[in-house]
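Visitor: Below: one structure in structure tokens.
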There are 2 protein chains.
Amino acid sequence: MNSKQRFLGACRGAALDRPPVWIMRQAGRTLPEYNAVRQRHSFMDIVRTPELAALVTLQPVQRFPLDAAIIFSDILVVPAAMGVDVQFVPHPVLGTAVKSSADVDALRVGGAAESLGYVAEALRIVRAELGDEKALLGFAGAPFTIASYMVEGGGSKTYSKVKGLMYREPALYDRLLTAISDVTADYLAAQIAAGADAVQIFDSWAGELGPADFAQFALPYVQRIAGRLAGLGAPVIYYVNGVGNLLEHAKASGAGVLGIDWRVELGEVRRRLGSATVVQGNLDPAVLFGPKELIRAKTYEIISQTTGVSHILNLGHGVQPDTPLEGIETFVQAVVDWRRPEHE
Amino acid sequence: MNSKQRFLGACRGAALDRPPVWIMRQAGRTLPEYNAVRQRHSFMDIVRTPELAALVTLQPVQRFPLDAAIIFSDILVVPAAMGVDVQFVPHPVLGTAVKSSADVDALRVGGAAESLGYVAEALRIVRAELGDEKALLGFAGAPFTIASYMVEGGGSKTYSKVKGLMYREPALYDRLLTAISDVTADYLAAQIAAGADAVQIFDSWAGELGPADFAQFALPYVQRIAGRLAGLGAPVIYYVNGVGNLLEHAKASGAGVLGIDWRVELGEVRRRLGSATVVQGNLDPAVLFGPKELIRAKTYEIISQTTGVSHILNLGHGVQPDTPLEGIETFVQAVVDWRRPEHE
């Protein structure tokens, strides 16, 4: 069984001798070979140049025994494709924060996904390099998270602008989120057509919504995307940062795999979701700053909480830029070395 | 029944005609009368000058029909009292981030709480002004949150330094947290002696710990403080931002009241904690940016989830600086106007 078969088997609920493993943000700032590329090219140049994006995508799978590569890109290429000015300074700054009906009317929907052909091209290059040995993932941001950036004009600590819009003007909010959802669905479908075996939808900020607001203002748009992708044969992973309070709702996202952050234990997730839901996660990224024995112990503790059900090992959030490489190596190797007792 | 009786009654589990209400960060940047004071005095001058701190503490209870005042101060006065340089630029920057045994040895413990006499003096002034009409709250940061600032050297998105320390050097981490706990217990006891009717311990960042780490690295120090305060007759409120995944552990904090953020519904909290635990919260601060009808509806929805058990109304996090004053007014008035059906 190669890595791709292992990864797709886990997504489909197969019983495996060991879970597959990859790491959110595995390509990028944590790796010296990425930083070497970055010295010669800007972040957005790497994202927009298929050969560079492909090179950087392959770096972590060449260094570590990971089961999947994930295309190097950024969730903010979608608002950029919709006509919003996006700059990284280095934190993201989005021009003309969306706040009126005219702002939504001005967004490009038709043709937006097609303008992201450079991502599809990068996926084709990576696919050719990987062959069918390892899985290849595409991704996009979830509509609430993307809308947050567009309405706030960048990151936020409070989300008061985007929440204010949804509370005061729910119809306008719905038009904005629907537009983002449709572009995102087209974009993810194009990634699958270009060779992505699975796609992950990142909802970095939906955990800032209470459960009722999540169900009303975030989930329906993820369901819209998942519905559009359902016939394409590629598993969909829905990752919500802060999913612990939202599990019962998130289960209905339409995605086959639910990505879990580290703030909730997988044993608890299992009790609340049942054994049918495939989960991904969830080591605290900060554990990789700890000693090797602790990394291994905490990794095996996570696996022990999911024994008997399909599970994709990952961190509970993106790997941090200053993470020691030996911490990453220890984590990945611990998973690769593990065997389910009955398979020993 | 006046506001102080109402507030203390709720803390002790009494059945009331309506819950008491106050707002985290009710004194400060949201109010024009505070900003007028701030134009003439720095933030730390206000905190360190008892007459100014008292003036600012009283502003919100003069403007809104709140049941409690909370002393205007900052959780970082504790590390400052322990000898750490603390600057607000305006975000907090702490000098000489704690990372070694020598750094912990250098911290002042004995006498640290006494050096915060200006807070006690401010409490005495406010107490004299309020009389026994309204409740008066003191507060401090929880040890994990304070340690985070001290080890990270300020705010953090990742907490990798403080978590790295606790994973790599648990004995050193324990010494640091114990020192913070002892200073904090003395400091809160002094606030109670100076007239605080109750004290709140703010754990802004403990929600960034997984449940097992919370139980091991945050909770024991809160228990240590609560144990020290147990005989003083003042209720202790323990607020954890992100408590939804930690409820079963947080219940054992030793505090009589548990403050709940907005990411988990109080009905769910009730199911998991039982009806004996008094809860405080938990309207999403962003709701105050919405229309009045929505503010009222969401406030009454929260009350409906706690009917029959003691509950202190509050936001689920601090009020945001740019919140419309009429949003705050609507929220407070909605609680004041509400009556339990059997009391109508």
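Visitor: If each label sits 7 angstrom from Cα along the C-beta direction, how far apart, in nm, is B:VAL37 from its counterparts in the other copies?
Guide: 5.4
Visitor: Ranked by accessible surface with a 1.4 Å probe, highest first, in what order do B:MET1, A:MET166 come?
Guide: B:MET1, A:MET166
Visitor: How many partner chain Cβ atoms sit within 10 Å of a residue's Cβ in peptide B:261-271, on average, as a whole number?
Guide: So the per-residue partner count for this stretch is 3.
Visitor: Excluding ligands and nucleic acids, what accessible area in Å² is computed for B:ARG270 using a 1.4 Å probe, to the nearest 10?
Guide: Approximately 40 Å² for this residue.
Visitor: GNM, chain A, Cα, under 10 Å: largest mean-square fluctuation among A:GLY233, A:GLY267, A:GLY95?
Guide: Greatest mean-square fluctuation among the candidates belongs to A:GLY233.
Visitor: Non-local amide H neighbours of A:TYR238 (under 5 Å, H modeled in plane, Pro and chain starts lacking H): which ones?
Guide: HN-HN under 5 Å from A:TYR238: A:ILE201, A:VAL257, A:LEU258, A:GLY259.
Visitor: Taking each label point as 7 Å beyond Cα in the direction of the beta carbon, state the distances from A:GLY267 to the same residue in the other copies, shortest first, in nm.
Guide: For A:GLY267, the inter-copy label distances come out at 2.9 nm.
Visitor: Using +1 at the Cβ of each Lys and Arg and -1 at the Cβ of each Asp and Glu in the protein assembly as shown, identify which of A:PHE64, B:GLN59, B:PHE214 lies farthest towards the dipole's positive end.
Guide: B:PHE214
Visitor: Using +1 on the beta carbon of Lys and Arg, -1 on that of Asp and Glu, and nothing else charged, what's the dipole of the protein assembly as shown about the Cα centre, debye to 20?
Guide: It comes to approximately 440 debye.
Visitor: So, one more: Using the Karplus equation 6.51 cos²θ - 1.76 cosθ + 1.60 (θ = phi - 60°), what ³J(HN,Hα) coupling, rounded to whole Hz, does each residue of segment B:145-152 give in order, writing x for Gly and Pro?
Guide: 5, 5, 4, 4, 4, 5, 7, 6
Visitor: Right, something else. Looking at chain B, I'd like the Rg to Rh ratio, where Rg is from alpha-carbon atoms and Rh is Kirkwood's inverse mean 1/r.
Guide: Rg divided by Rh gives 0.95.
Visitor: Taking every residue in A:160-172, how many Cβ atoms of other protein chains lie within 10 Å of its Cβ, on average?
Guide: Partner-chain Cβ atoms within 10 Å, mean over residues of A:160-172: 4.
Visitor: Compare A:LYS292, A:LYS163, A:LYS99 by solvent-accessible area with a 1.4 Å probe and give them largest first, with all protein chains kept in place.
Guide: The most accessible residue leads, giving A:LYS99, A:LYS292, A:LYS163.
Visitor: Other chains' Cβ within 10 Å of B:284-293 residues: what's the mean?
Guide: Rounded to a whole number, the mean comes out at 6.
Visitor: A follow-up question, please. Which sequence of B:VAL78, B:VAL336 reflects their accessible areas, 1.4 Å probe, from the largest down?
Guide: Result, largest first: B:VAL336, B:VAL78.
Visitor: Here's something else I'd like to know. Amide H neighbours of A:ILE312 under 5 Å, at least 5 residues apart or on other chains, H built in the peptide plane: list them.
Guide: A:VAL279, A:GLN280, A:GLY281
Visitor: Tell me, in nm to one decimal, what length is gained between B:THR178 and B:ASN2 on full extension, where the rule is 0.36 nm per residue of separation less the Cα-Cα distance?
Guide: So the chain would gain 59.5 nm between B:THR178 and B:ASN2.
Visitor: Out of all DSSP beta bridges in chain B, what portion is antiparallel? Express it as a percent rounded to 5. All intermediate terms of the calculation are to be shown ahead of the outcome.
Guide: On the way: 4 of 30 bridges.
In chain B, DSSP labels about 15 percent of beta bridges as antiparallel.
Visitor: Could I ask something else about it? Can you list, shortest first in nanometers, how far B:ALA212 lies from the same residue in the other copies, with each label 7 Å from Cα toward Cβ?
Guide: 3.6
Visitor: In addition: Can you tell me the length gained on complete extension of the stretch A:GLU268 to A:ALA252, counting 0.36 nm per residue apart and subtracting the Cα distance?
Guide: Extra length from A:GLU268 to A:ALA252 when fully extended: 4.0 nm.
Visitor: Sticking with the crude label model, points 7 Å out along Cα→Cβ, report the distance from B:PHE43 to A:ASP337 in nm, one decimal please.
Guide: Result for the modelled spin labels: 4.7 nm.
Visitor: Here's another thing I want to ask about it. Can you work out the FRET efficiency for the pair A:ASP85 and A:TYR300, with r the C-beta to C-beta distance and R0 = 41 Å, to the nearest 0.05?
Guide: For A:ASP85 and A:TYR300, the calculated efficiency is 0.30.
Visitor: Looking for one value pair here: nearest-to-axis residue in chain A (by Cβ) for the rotation onto B, and the distance in whole angstrom.
Guide: A:GLY244, 3
Visitor: Something else now. As an exercise, use a Förster radius of 25 Å and the Cβ-Cβ distance of A:ASP17 and B:GLN216 to find the FRET efficiency, rounded to the nearest 0.05.
Guide: Once the sixth-power term is evaluated, E becomes 0.20.
Visitor: Under 5 Å between amide hydrogens, which residues at least 5 positions from B:ALA198 or on another chain qualify, with H placed 1.01 Å from N in the peptide plane?
Guide: Those qualifying (amide H under 5 Å, at least 5 residues apart or on another chain) are B:LEU136, B:GLY138.
Visitor: Cross-chain or 8 or more residues apart, Cα under 22 Å: how many lysine pairs in chain A fit that? Count them up, please.
Guide: 4
Visitor: For the B and A pair, go ahead and give the buried accessible area with a 1.4 Å probe, both sides summed, in Å² to 100.
Guide: For B against A, buried area totals roughly 2500 Å².
Visitor: To continue, here is another question. How large is the accessible surface per residue of segment A:1-112, computed with a 1.4 Å probe and reported in Å² as a whole number?
Guide: Heavy-atom accessible area per residue stands at 42 Å².
Visitor: Looking at chain A as a GNM with Cα springs under 10 Å, which of A:ASP85, A:ASP105, A:ASP261 has the largest mean-square fluctuation?
Guide: Result for chain A, Cα springs under 10 Å: A:ASP105 fluctuates most.
Visitor: Taking θ = phi - 60°, what integer Hz values does the Karplus form 6.51 cos²θ - 1.76 cosθ + 1.60 yield along segment B:176-191, in sequence order, with x for Gly and Pro?
Guide: Per-residue couplings from phi come out as 4, 5, 5, 4, 4, 4, 5, 5, 5, 5, 4, 5, 5, 4, 5, 5 Hz.
Visitor: Could you tell me the relative contact order of segment B:120-181? Use alpha-carbon pairs under 8 Å, at least six residues apart, and round to a whole percent.
Guide: It rounds to 28 percent for segment B:120-181.
Visitor: Restricting to DSSP loop positions (anything but H, G, I, E, B) with no more than 14 other Cβ atoms inside 10 Å of their own Cβ, which GluC sites (Glu not before Pro) remain in segment B:90-164?
Guide: Answer in residue order: B:GLU133.
Visitor: Also: Specify the residue with the greatest mean-square fluctuation among A:LEU246, A:LEU266, A:LEU136, computed from a Gaussian network of chain A linking alpha-carbon atoms under 10 Å apart.
Guide: Among A:LEU246, A:LEU266, A:LEU136, the largest GNM mean-square fluctuation belongs to A:LEU246.
Visitor: How much length, in nm to one decimal, is gained on full extension between B:ALA193 and B:ASP132, taken as 0.36 nm per residue of separation minus their Cα-Cα distance? List each step's numbers first, then the result.
Guide: Numbers: separation 61, 0.36 × 61 = 21.96 nm, distance 1.52 nm.
Roughly 20.4 nm would be gained on extension.
Visitor: For B:GLU121 paired with B:GLU33, estimate the spin-label separation in nm (one decimal), with each label point 7 Å from Cα along the Cα-to-Cβ line.
Guide: 2.3 nm
Visitor: From Cα pairs below 8 angstrom and at least 6 apart in sequence, can you work out the relative contact order of chain A, rounded to a whole percent? Before the final figure, lay out each step's value.
Guide: Working: 650 pairs, mean separation 74.0, N = 344.
Over chain A, the number comes to 22 percent.
Visitor: On C-alpha positions alone, give me the angle between the axis of helix B:50-63 and the longest principal axis of chain B, in degrees, nearest 10.
Guide: 30 degrees
Visitor: Moving on to the next point. Could you work out the local net charge near A:LYS163, counting Lys and Arg as +1, Asp and Glu as -1, over the other residues with Cβ closer than 12 Å to its Cβ?
Guide: Residues close to A:LYS163 contribute a combined charge of -2.
Visitor: Work out from phi, with θ = phi - 60° and the Karplus expression 6.51 cos²θ - 1.76 cosθ + 1.60, the ³J(HN,Hα) of each residue of segment B:286-295, listed in order in whole Hz, and give x for Gly and Pro.
Guide: Calculated HN-Hα couplings, in order: 6, 4, 5, 8, x, x, 4, 4, 5, 4 Hz.
The values are calculated or read from the model by the stated rules, or taken from the named source; none is laboratory data. For clarity, every value in this text was computed on a predicted model and none was experimentally measured. Using ideal geometry, Cβ is built from the backbone for each residue, glycine included, and neighbour counts are taken over all protein chains shown. Just the protein is used for accessible areas: all its heavy atoms, side chains included, with ligands, DNA and RNA removed. Shrake-Rupley method; radii C 1.70, N 1.55, O 1.52, S 1.80 Å.
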